[in-house]
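All remarks here apply to the structure that follows.
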Amino acid sequence: MTRKLFQYLSRHITSFQLILLSFLAIILLGTFLLSLPVSSSSGEWTSPADALFTAASASCVTGLIVHDTATYWSLFGKIIIFLLIQVGGLGVITCTILVIMFTGRQIGIRQRSLMMDAISAPQIGGIIRFTRFILKMTLAVECLGAVLLLPVFIPRFGVLRGIGASVFHSVSAYCNAGFDLMGAESPYSSLTAFRGSVIINLVIPFLIITGGLGFLTWNDLFHQKYRIDRYSFQTKVILCTTAVLLVIPFAYFFLIEFSAEPLKERIMMSFFQSVTPRTAGFNTADYSAMSETGLLITIFLMLCGGAPGSTAGGVKLTTIFTLTAAAISDAGRKENVIAFGRRINDEIVRRAMCLLTIYLGLLLLGTCVLCSLESISLSASMFECASALGTVGLTTGITPSLSTASKLMLASYMYFGRVGGLTLAYAAITKHARINARYPAGNLMIG
C-alpha cells in the first residue's frame, strides 16, 4: 500500500511538492495522535493548536514546546514525540525509501531521483547504497550516545526510566531536536541542571555536531579518512565553517557572558552554548538572563544552522560560507569567487543570496507580528522567530504563554525551516520557462 501510494504521488507531482506534502502529512498525523486523551498524563484532550505546535516542533526537529514534555505528556504521548523526532530527523522520504527497501521491492529511477532531492545528494548514482549508510550511521551513533548517557540517567531515574531517558535524549540530540525529559524536576529547565556534568557537556554536543555535519560529509570522511587533500570541496567548506562558528562564539561566551562562573562550568557552558544554537535547542544556561549581545550572537548562530543533508536546519553552513567568500572576493575586486582552490559558480552565489534574503525577510516579518500580538520586547520576539525558522528550539521562556495566532505562525515557521526555502520555491514553480532573450544591462550605484 505504501509503495503504491508513493509511486502514484511521485508520478503526478514534483519531488519538491512530495517533500512538502510528506512533512505536512506527518505533522497532521502527529497532531491527531497528540490531541487524544491517551497522549496527555491527565487523560484530557489537548487543544488542536497545542497539539499542532508540538507535532510541528517534533517533526521539524525544533524543540519549542508549549507544554513541558516530561510532565504534560503520557508515556504514549512521549513515544509519539520520539517517533516524530526520529522520522523528522531522517526525513519522511528517506524513511519511506527505507521501508520500500526492507520489503525487497525494486526502486525505480523516479524514486531514486526523489531521494536525491530529499537528502541533497549531488548525484543519483549510488543513492541506495548511500541510504543504507544513513540508516547504519544513525543507528550506530544514537546507540553509542544512549550508552554513554546511561551513567548519568540511570542513577538519577532508575534502570528502566534511565535507559528510556538515555535513548530519548540521544535521539533528540542527534536529530538536533532539543526535546528533553528534565521537566519532572524543574519545568522547562532543559539541561540547566547538568551544567557541571562532564558527560552531558561532551556527549550531547558530540551528538549535535555529528547530526549537524550531514551524511554527505560523514560519507566523505569515512571514505577518505585522514587524506584531507582528497576531501570534497563541500566537506572542506562545512568543516572549516563549523570550526569557525564553534571557536568564535566559545571565545565570546567564555570571556564575557559566563565570566562570573567557576572555571570548570565556565568552559563547559561556553562550549555547550556555542554548539547548541546550530540547531539543537538544548541549553545549560538560562537564555532569559543572557545579555542582549549574547542573544544577538545566538540568533546569528540559529540562522546559520548546519550542513545540507543533515538533521539541522537554518540557511546552512554552505550558504554562509558562499556569501562570505563572495563578499571577500568583491572587496578585493576579484572577478571570481575563489575558495580552497575552487571557483564558486555565480548561480550558487545567487541561490545563497536568495535563501538568506528569504530567511531575513521572514525573520523581520515574524518579529514585527510577534511584537504586535504579544506585546513583548523586540529581542525576545526576534529570538523566538529565529529559533523557529532555524528549527532550533531555544527560547527566552515566552513560548508557553503565546496566543494561538502566535503558535500557528511559529508552527508555520518551523515547517518552512525544516523543508527549506528553496524547496518551497521550487515546489511552487513547477515549470521553468527558458528565456533566450538577453536584456540590456542597467547601471546601478552600489555603496
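For the reader, a short list of remarks on this structure follows.
- Annotation: per residue accessible area for segment 294-352 equals 49 Å², rounded to a whole number [probe 1.4 Å, protein chains only].
- Accessible area of segment 174-249 belonging to carbon and sulfur atoms, whole % at 1.4 Å probe: 67 percent
- Accessible-area value, E347, 1.4 Å probe, nucleic acids and ligands omitted, Å²: 100 Å²
- Accessible surface of H67 - all protein chains present, 1.4 Å probe, nearest 10 Å²: 40 Å²
- Where only alpha carbons of segment 142-223 are counted, the Rg and the Dmax (Å): 13.3, 44
- Averaging Cα coordinates gives a centre for segment 125-146 and one for segment 26-80; these two points are 28 Å apart.
- Residue-normalised accessible area of segment 137-256, given per residue in Å² at a 1.4 Å probe: 43 Å²
- Options G294, P205, L255, ranked by Cα towards positive dipole end of segment 173-322, top entry (Cβ charges): P205
- Using a probe of 1.4 Å, the accessible surface attributed to I348 totals some 80 Å² when neighbouring protein chains are kept in position.
- Gain on full stretching of the segment that runs from L139 to K334 - 0.36 nm per residue minus C-alpha separation: 65.6 nm
- For segment 217-250 versus segment 315-378, the gap between their alpha-carbon centres in whole angstrom: 21 Å
- Ordering of 400-409, 204-213 by burial proxy (mean other Cβ atoms within 10 Å per residue, highest first): 204-213, 400-409
- Solvent-accessible ranking of F254, F233, F416, largest area first, probe 1.4 Å: F233, F254, F416
- Sequence-distant residues sharing a close amide H with S40 (under 5 Å, placed H): S74
- Between I256 and A193, full extension at 0.36 nm per residue minus the direct alpha carbon distance yields a gain of 20.5 nm.
- Sites V369 and L202 - FRET efficiency at Förster radius 41 Å, r taken between beta-carbons, to 0.05: 0.55
- Computed from the Cβ-Cβ distance with R0 of 30 Å, the FRET efficiency linking R350 to Q224 stands at 0.50.
- Of the solvent-accessible surface of segment 300-343, computed with a 1.4 Å probe and all protein chains present, 51% belongs to carbon and sulfur.
- Fully extended contour minus Cα-Cα distance, from A184 to A289, at 0.36 nm per residue: 35.6 nm
The values are calculated or read from the model by the stated rules, or taken from the named source; none is laboratory data. Just so it is clear, the structure is predicted and the values come from calculations on it, not from any experiment. Cβ coordinates were reconstructed from backbone atoms using ideal geometry, including for glycine residues, and neighbour counts include every protein chain displayed. The accessibility values were calculated without ligands, DNA or RNA, using every heavy atom of the protein model including side chains. Shrake-Rupley method; radii C 1.70, N 1.55, O 1.52, S 1.80 Å.
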